[in-house]
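One structure is given below, encoded as structure tokens.
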Amino acid sequence: MNDYSDLFSLAGKTAVVTGGTRGIGEMIATGFVNMGVKTYVTSRKAGACDAIKEKLGCEAAPFDLSTMDGVEGFAEYVAEREEKIDILVNNAGALWAEPLELYTEEGWDRTIDLNVKSVFFLTQKLLPQLRAAVSVTGRGRVINIGSVEGLTTPAWDNYAYPISKAAVHQMTKVLANRLAKDKITVNAIAPGPFESKMTAFVLANDAGKAAVGAAMPLGRIGMPDDMVGLSAFLASRASDYITGAVIPLDGGFVIGARSWD
């Protein structure tokens, strides 16, 4: 009889979660830590890193991943401490909103550099640690955080953001194809509405949450358990045969499903 007792287990694994001091990144990091994963978190702000380290008992260090110096510095920080990394979650992201006629190069570059460029180059820099994990356990995991805005046409004046997330989705497929021979799977989660700094302008109060939730076929916004559940599944042995997938985590918003009364 097959033994499924550890099919979803992450105990003893080591993970990196970028942008892990708040929002979706914090949800994932919290879930990992509670499942016995040694977790490294990074964010731009030293104070935020200190706070999450104290709160979760994870490792945390400040690096600005929108720059190559930050990407290389964080990769070196991790490599100095860990020979292998089982799970890399590329979550750090930025949003810049301005009217089309006023949209600036600064906003475009900031968004694209952090949301797209850093995902590619941090994955590249941590490949030795991911491959080392494969040599021990037979698998490595990269989980990219995209967005439903990369699958739909958003209503907001945040032009670079949906474009960057569509690029993340395509990058996920390209890297999945390239890294399959190394037994490293690459998948993406495309979240719908979850509470975070980016969504505070619409989810800052109960009325906003209720209004946005009512537009979702499942009738609510996303909760931490939803994010933890999918990210843990994609990090576990249970997802061994899944790579190159972009999975909406959106209560049915993208497909536009409606329940029958």
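Each reported figure results from applying straightforward, stated rules to the coordinates on display, with no laboratory input. Everything numeric here is computed off the predicted structure, so don't read it as measured data. Glycine also receives a Cβ, built like all others from the backbone with ideal geometry; neighbour counts cover every protein chain displayed.
Here are the numbers for this structure:
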{"item": "Amide proton proximity set for V41, modelled H, under 5 Å, gap of 5+", "result": "V17, E59, A60, A61"}
{"item": "Cα-based Rg and Dmax for the stretch 52-139, where Dmax is the largest Cα-Cα distance (Å)", "result": "15.7, 53"}
{"item": "Estimated vicinal HN-Hα couplings, Hz - the stretch 101-114 in sequence order (Karplus 6.51, -1.76, 1.60; Gly, Pro = x)", "result": "5, 10, 4, 9, 5, 4, x, 4, 5, 4, 5, 5, 4, 7"}
{"item": "222 nm mean residue ellipticity, helices alone, for the chain (DSSP H n ≥ 4; -39,500 (n - 2.57); rounded to 500)", "result": "-12500 deg cm²/dmol"}
{"item": "Nearest-0.05 FRET efficiency for F8 and I255, computed from C-beta distance (R0 35 Å)", "result": "0.85"}
{"item": "Relative contact order of the stretch 22-75, pairs being alpha-carbon contacts under 8 Å that are 6 or more residues apart, as %", "result": "28"}
{"item": "Burial ordering of R131, R139, fewest other beta-carbon atoms within 10 Å first", "result": "R131, R139"}
{"item": "Karplus-derived HN-Hα couplings along the stretch 36-49 (A = 6.51, B = -1.76, C = 1.60, θ = phi - 60°), whole Hz, x at Gly and Pro", "result": "x, 9, 6, 10, 9, 10, 9, 7, 5, 9, 4, x, 5, 5"}
{"item": "Packing-based exposure ordering (other Cβ within 10 Å, fewest first) of F233, F32", "result": "F233, F32"}
{"item": "For the stretch 243-251, Karplus couplings with θ = phi - 60° (6.51, -1.76, 1.60), whole Hz, Gly/Pro x", "result": "8, x, 8, 10, 9, x, 10, 9, x"}
{"item": "Placed amide H near L88: partners under 5 Å, 5+ positions off or other chain", "result": "V16, R141, V142, I143"}
{"item": "Overall form of the stretch 14-249 per C-alpha gyration tensor (a/c, 1.5; a/b vs b/c)", "result": "rounded"}
{"item": "Mean Cβ count within 10 Å, highest first, over the residues of peptides 154-163, 61-70", "result": "61-70, 154-163"}
{"item": "Placed amide H near I184: partners under 5 Å, 5+ positions off or other chain", "result": "G140"}
{"item": "V136/A210 FRET efficiency (R0 51 Å; Cβ-Cβ; nearest 0.05)", "result": "0.60"}
{"item": "FRET efficiency estimate (nearest 0.05) - Cβ-Cβ, L218 to D182, R0 41 angstrom", "result": "0.65"}
{"item": "Cα-based Rg and Dmax for the stretch 1-46, where Dmax is the largest Cα-Cα distance (Å)", "result": "13.0, 50"}
